[in-house]
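Okay, so here's the structure we're looking at.
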Amino acid sequence: MEKFKKILDIATQQHSLGFGAVAMVTAGGEQIFSSAVFSCPCNELNFLYGMVFLLVPALALLLLGYILSKKTWKTLTGVCQHRAGRCLHWRRLIVVCTALFQVSNTALVAPASWIAVALINGKYYECAMTGTNVSVYNKLLCRDKDSGLRCQRELYRLPCGTGSSVPQADRQDVLLTLKAQSQILGWLLVAAVMLSSLLLTCVARCTSPISYLQLRFWRAYATEENNLLDSYTAQHAKQLAERNIKSFFNKTPPENIITPSNKDWEKVSSLYKFSTTDNYYSTLHRVVEDWQEADNGMMRLASIKTNESSDQTPAVLSFVDEGRV
């Protein structure tokens, strides 16, 4: 699990390593699967078995991309707890859809890489297409073969090379044809992904309200802010936990610790839309700059009291209490 976690950490560091590193990690995983795990059954399950290895890992990588993205949870967390009018407001929906579209662009890198590398490799496609029951396609594969009828009947046995009466030369011709089809599809997918990525980048840069250097500065600031926020949040949480534990065991009044209120957390957790009318680079930056009176915007925790029943605690807080995010 530690090694797997390190791989995930590498895959999620896309701002520093770029999408190429994600594609390389995914390609390496596909090579391991195809050589050590994949084994075509050479029976009626060929099509299902090949398509599962081709598509299911890609789907898992796509879902993993959504799960590991902070922006996904920043967008969705607490959405259904707001008032119905706000939740259904068209502007709110546009912001949410835009954020999810941006997350999808990043999350699609790994599954697209898996499918492209798997198609270029050709093993999954060979296994899947020899298990099709489409007679027209089977005739097309076995055309101009002396053993045409036997080739069509025993097509699912060809990837294994055993248990088939089809001559070796005909078997190699069919497998080479399938591999060529697979590699053509793989390279077409690579070209389509690269072209769409280029077009989206060009559109985004052409409509950018800021210059290239300012955009680089904004990205550097966002990265540093996220890193410092994570470290400072962990440090502040540790201080608060130590204060509560000392107060509990020593039976002494707790020290005063200033921590943001629920309203403050909601302010800095909202999605930020850049505007050229101000010089803010994040929601946190805007909140800090707009702060007039710190005492009105902070909640001082000396002792915590509540009149609400514990049954009314939102379900999402249970994950926080268990130490999971």
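Values as computed for the structure displayed
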quantity: Segment 211-232 - residue that is open to solvent by 90 Å² or more (accessible area, probe 1.4 Å) and closer than 26 Å to L108 by Cβ and, of those, nearest to the chain's Cα centre (by Cα); calculated: R219
quantity: Single match in S147, S182, S164, S208 (criterion: touching a helix residue (DSSP H, G or I) at 6+ places or on another chain (Cβ under 6 Å), open to solvent by less than 50 Å² (accessible area, probe 1.4 Å) and within 30 Å of V103 (Cα to Cα)); calculated: S182
quantity: Only one of G161, G131 that is over 38 Å from the mean Cα position of the chain (by Cα) and of a type in the set (G, A, S); calculated: G161
quantity: Any chance S196 is part of a loop (DSSP other than H, G, I, E, B), loosely packed, with under 15 Cβ neighbours inside 10 Å and either in contact with a Phe, Trp or Tyr (Cβ under 7 Å, 6 or more places away or on another chain) or among the polar types (S, T, N, Q) (or both); calculated: no
quantity: Hey, K238 out of contact with any Cys (no Cβ under 7 Å at 6 or more places or on another chain), surrounded by 13 or more Cβ atoms within 10 Å (Cβ to Cβ), over 17 Å from Q102 (Cβ atoms) and among the basic types (K, R) or not; calculated: no
quantity: Where a residue in segment 253-279 is closer than 27 Å to S69 by Cβ and touching a residue at least 24 places away in the same chain (Cβ under 8 Å) and its partner, wherever it lies, is surrounded by 12 or more Cβ atoms within 10 Å (Cβ to Cβ) and among the hydroxyl-bearing types (S, T, Y), with Cβ under 7 Å and at least six apart; calculated: L271/T75
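Residue-wise test of (1) open to solvent by less than 80 Å² (accessible area, probe 1.4 Å); (2) at pLDDT 85 or above.
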position: I258; (1), (2): yes, yes
position: S261; (1), (2): yes, yes
position: N279; (1), (2): no, no
position: V288; (1), (2): no, yes
position: Q312; (1), (2): no, no
position: A315; (1), (2): yes, no
position: S318; (1), (2): yes, no
position: D321; (1), (2): no, no
position: R324; (1), (2): no, no
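The values are calculated or read from the model by the stated rules, or taken from the named source; none is laboratory data. Note that the structure is predicted; figures quoted are calculated from it, not measured. Neighbour counts are summed over all protein chains in view; Cβ atoms, including those assigned to glycine, are modelled from backbone coordinates with ideal geometry. Just so you know, the surface numbers come from the protein's heavy atoms only, side chains and all, with ligands and any DNA or RNA stripped out. Shrake-Rupley method; radii C 1.70, N 1.55, O 1.52, S 1.80 Å.
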